[in-house]
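Enquirer: Dumping the structure here so I can ask a few things about it.
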Amino acid sequence: MRRGRWNLGTWAAYGIALLATLISLFPLYWLFVISTKTPREAFETPPQLLYIPDFSKYFQIWGTGGFADAYLNSIQVVLLGVGLTLLVATPAAYAVIRFRVRGVRYLRLWLLLAYTTPEFLFVIPMYVLYQQLGVYDTVIGLAIIYQVFAIPFAVWLIQSFLGEVPRELGDAARVDGASELQTLLRVYLPLAAPGLAATAILVGINMWNEVTIALSLTFDEARTVQIAVAGYRGYAAIRWQEMAAAAVMAVVPMIIFAGIAQRYIVKGLTFGAVK
């Protein structure tokens, strides 16, 4: 067999990958179909594959139901939340890999357990506390509560990225008179930048898609885009076109963001894998 010729195993691998891609894209396609058809056309059997799409609902949702405000709230929550996460998690991760902390193995286990703890366990006590502090139904309150699961996850990732930086570089910087903060900023962060970017992207996606906490700790002023999408389901009827159009618009930013930042994700998740 000549080199470069595809065999049965190669065809099977590409076939499975193509099937997985189609399965993952089908819900997005079906959302788009519902959003650009009338309810009668969207659910008729058999479905019409050829039709003239109606994009009026995509324009309508921005002017009704507070969808635009919710969209802006989600953007603000993600930006503020990711900024707080990196600000706290980066020096914490540096301390874990730089200093010989007693019981660091148990600390890492605790970080993993904290991240996997169900979110609804924090909702009831934080609801009462947020009411007393006056941060209920606020963007900053939502960004702060997201740190409960974002910081452990970020520390877990960032400490592995920083740990791949040769320790000799940090020692050389300290010999030259650099402080620990200067060593972190000038040596470790530039080298681990792809890992930090990957962490920021993954944390941001988690915050954008979160529903449980946002549903419990917001009402109207700070509700997020995910809650706004669910709001098109009324007591007596479901506005299918509006809900589908809003769902598509909620997914689009993450697709665009992940596409632009794909190379950072790949670099970050493979950082230090090959030496």
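Enquirer: Please work out the C-alpha center-to-center distance from region 119-159 to region 184-214 and express it in whole Å.
Expert: Result: 17 Å between the Cα centres.
Enquirer: Using a cut-off of 12 Å between beta-carbons, work out the net charge of the residues near Trp240 (Lys and Arg +1, Asp and Glu -1, Trp240 not included).
Expert: +3
Enquirer: Using a cut-off of 13 Å between beta-carbons, work out the net charge of the residues near Tyr136 (Lys and Arg +1, Asp and Glu -1, Tyr136 not included).
Expert: Its environment carries a net charge of -2.
Enquirer: Follow-up question, since we're still on this one. For the chain, compute Rh as the Kirkwood radius over C-alpha pairs and then the Stokes-Einstein diffusion coefficient at 37 °C and 0.692 mPa s; write the answer in µm²/s, rounded to an integer.
Expert: Result for D is 150 µm²/s.
Enquirer: For labels at Phe55 and Gln131 in the simple 7 Å Cα→Cβ model, what's the distance in nm?
Expert: 4.6 nm
Enquirer: In addition: Just grab the label-to-label distance for Asp69 and Glu221, each label 7 Å out from Cα along the Cβ direction, in nm (one decimal).
Expert: Rounded to a tenth, the inter-label distance reads 1.1 nm.
Enquirer: Something else now. How would you rank Leu142, Leu18, going from fewest to most other Cβ atoms within 10 Å of each one's own Cβ?
Expert: Leu18, Leu142
Enquirer: How far apart, in nm, are the 7 Å Cα→Cβ label points at Ala193 and Asp171?
Expert: 2.7 nm
Enquirer: Can you tell me the order of 243-253, 117-127 when each peptide is scored by its average per-residue count of other Cβ atoms within 10 angstrom, highest first?
Expert: Going by the mean number of other Cβ atoms within 10 Å, highest first, we get 243-253, 117-127.
Enquirer: May I pose another question? Per 0.36 nm of contour for each residue apart, how much would the distance between Phe26 and Arg108 grow if the chain were fully extended, relative to their Cα-Cα spacing?
Expert: 25.7 nm
Enquirer: Can you sort Trp208, Trp62 by how many other beta carbons sit within 10 Å, fewest first?
Expert: With the fewest neighbours first, Trp208, Trp62 line up as Trp62, Trp208.
Enquirer: What ranking of Asp69, Asp220 emerges when the number of other C-beta atoms within 10 Å of each C-beta is taken as an exposure proxy, fewest first?
Expert: The order, fewest Cβ neighbours first, is Asp220, Asp69.
Enquirer: Using the Cβ atoms and a cut-off under 11 Å, what net charge is assigned to the surroundings of Lys37, where Lys and Arg are +1 and Asp and Glu are -1?
Expert: -1
Enquirer: Residue by residue, what Karplus-based ³J(HN,Hα) values in Hz, rounded to whole numbers, does region 15-26 have, using 6.51, -1.76 and 1.60 with θ = phi - 60° and x for Gly and Pro?
Expert: Ordered by residue, 3J(HN,Hα) equals x, 5, 4, 5, 5, 4, 5, 5, 5, 6, 8, 4 Hz.
Enquirer: Got a sec to turn the phi values of region 146-154 into Karplus ³J(HN,Hα) couplings, 6.51 cos²θ - 1.76 cosθ + 1.60 with θ = phi - 60°, whole Hz, x for Gly and Pro?
Expert: Each residue of region 146-154 in turn: 5, 5, 4, 9, 6, 5, x, 5, 5 Hz.
Each reported figure results from applying straightforward, stated rules to the coordinates on display, with no laboratory input. Here the structure is a predicted model, which is why all the values come from computation and not from measurement. Glycine gets a Cβ as well: all are built from the backbone with ideal geometry, and neighbour counts include every protein chain shown.
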